[in-house]
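Taking it in order: structure first as structure tokens, then the write-up.
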Amino acid sequence: MMKRRSNHNHNVLYGKATDTSSSTTSSCSSSSTPAGDEPVEWEMRPGGMLVQKRTDVSESPAPVLLLRVAFGAVRLEISISSKATFGELKRVLTAETGLEVAAQKVIYRGRERENGEYLEGCGVKNRSKMELVEDPASIERRYIETKRNAKIQTAHRAISDVSMDIDKLADQVSVMEESISNGIKVPDIQITTLIEMLMMQAVKLDNIVAEGDASTQKILQGKRVQKCVEILDVLKVTNARVKVAKPVIVTTKWETFDPHPSTNNHWTSLIDL
């Protein structure tokens with residue numbers, strides 16, 4: 001009779017375990033917890049395994065792991081908590097390598113690890129070895145960005161060279177403007193040559209491929225050339241109205257004087273003596 005009753009009770013408990021996880025949790029807790037001890041909390045894993053529920057509060061701090069990370073020819077040693085995730089490990093690696101988290105791929109045991117995976121859960125132990133590689137898409141983006149920056153720097157240098165030439169030509173325009181305003185006529189060939197030199201600088205600017213701040217500098221220098229050419233066009237008209245002053249010719253008239261008769265006789269008498 002006792003054996004049959006025991007089987008009956010076992011069937012009842014088994015039926016409760018298969019019906020709801022909540023009833024199983026309460027039954028197992030009550031049956032496995034001795035009187036006077038704290039109740040043990042359980043949780044059901046996705047595979048159907050009933051395990052003790054983890055608590056956030058731990059009696060001792062998590063151990064610190066020393067990981068060996070290979071990044072190309074560089075070997076890094078990273079200290080990190082065993083409770084950390086691979087995402088947290090990547091943030092530490094960012095400070096060491098300069099790679100952003102999105103550009104990193106951490107390979108452990110032949111497989112890339114996701115940011116949300118825990119080191120401890122993946123079997124990472126002290127002095128475990130990992131490999132860090134840069135995402136190919138990130139390498140391509142960095143290559144494109146480097147190439148773009150190189151073009152911008154080349155454009156800046158070219159515009160700077162043209163700007164220096166424009167400065168010299170602008171100084172000549174100022175000197176020419178001052179001379180004509182003072183009524184001094186300037187040869188037309190000088191004005192024409194200066195305009196041609198400015199137009200050559202405008203052509204150089206047009207051939208420079210620029211973007212961003214370099215494009216703004218290019219437009220600014222183009223406006224300077226245009227302003228100088230407009231000034232020279234006005235000076236060309238003004239210069240044509242300037243009259244050339246006739247040269248002053250200084251002539252000297254010389255007078256001849258006849259000798260006085262008495263003086264001539266006096267010298268004659270002296271000679272006779």
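The values are calculated or read from the model by the stated rules, or taken from the named source; none is laboratory data. These numbers were taken from a predicted model, which means no experiment stands behind them. We place every Cβ from the backbone using ideal geometry, glycine too, and count neighbours over all the protein chains shown. The area values use the complete protein model at the heavy-atom level, side chains included, leaving out ligands, DNA and RNA. Shrake-Rupley method; radii C 1.70, N 1.55, O 1.52, S 1.80 Å.
To the nearest 10 Å², what's Glu131's accessible area with a 1.4 Å probe?
We get 90 Å² for Glu131.
Counting only the heavy atoms of the protein chains, how much of Thr238 is accessible to a 1.4 Å probe, in Å² to the nearest 10?
60
Keeping all protein chains in place and using 1.4 angstrom, which order do Asp135, Asp171 fall into by accessible surface area, from largest down? Before the final figure, lay out each step's value.
On the way: Asp135 35, Asp171 100 Å².
So, going from the largest accessible area down, we get Asp171, Asp135.
I need the phi-derived Karplus couplings for segment 108-121: 6.51 cos²θ - 1.76 cosθ + 1.60, θ = phi - 60°, integer Hz, Gly and Pro marked x.
The phi angles translate into 9, 6, x, 9, 6, 9, 7, 4, x, 6, 8, 4, 4, x Hz.
Gln104's amide H: which non-local residues (gap 5+, or another chain) put their own amide H closer than 5 Å, with H modeled 1.01 Å from N in plane and none for Pro or chain starts?
It is Asp135, by chain and number.
For segment 158-241, what's the relative contact order in percent, using C-alpha pairs closer than 8 Å and at least 6 residues apart?
On the way: 52 pairs, mean separation 38.8, N = 84.
Relative contact order for segment 158-241 comes out at 46 percent.
Please compute the net charge surrounding Gly222, taking Lys and Arg as +1 and Asp and Glu as -1 over other residues with Cβ under 11 Å from its Cβ. Mind showing how you got there, number by number?
Numbers: positive: Lys204, Lys218, Lys223, Arg224, Lys227; negative: Asp206.
Charge balance near Gly222 sits at +4.
Using 0.36 nm per residue of separation minus the Cα-Cα distance, give me the extension gain between Ala170 and Glu230 in nm, one decimal.
Values: separation 60, 0.36 × 60 = 21.60 nm, distance 1.19 nm.
Gain in length upon complete extension: 20.4 nm.
So if each residue of separation counts as 0.36 nm, and I subtract the Cα-Cα distance between Arg111 and Ala70, what length gain in nm does that give? Could you put the intermediate results ahead of the total?
Values: separation 41, 0.36 × 41 = 14.76 nm, distance 1.46 nm.
Here the answer is 13.3 nm.
Going by accessible area, probe 1.4 Å, with all protein chains left in place, what is the ranking of Phe71, Phe86, largest first? Numbers along the way, then the final one.
Values: Phe71 55, Phe86 0 Å².
Largest accessible area first, the residues go Phe71, Phe86.
At 1.4 Å probe size, put Asp165, Asp206 in order of accessible surface, largest to smallest.
Working: Asp165 55, Asp206 115 Å².
Descending accessible area places them as Asp206, Asp165.
For every other residue with a beta carbon closer than 10 angstrom to the beta carbon of Leu67, add +1 if it is Lys or Arg and -1 if Asp or Glu, then tell me the sum. Write out the running numbers ahead of the final one.
Working: positive: Arg68, Lys125, Arg127, Lys129; negative: Glu77.
Overall, the nearby charge balance is +3.
Can you give the net charge of the other residues whose Cβ lies under 12 Å from the Cβ of Arg127, counting K and R as +1 and D and E as -1? Kindly include the intermediate steps, with their values, before the conclusion.
On the way: positive: Arg68, Lys125, Lys129; negative: Glu77.
Its environment carries a net charge of +2.
Tally up the carbon and sulfur contribution to the accessible surface of segment 99-248 as a whole percent, 1.4 Å probe, everything protein left in place. Walk me through the intermediate numbers first.
On the way: 5580 of 10090 Å².
Roughly 55 percent, rounded to a whole number.
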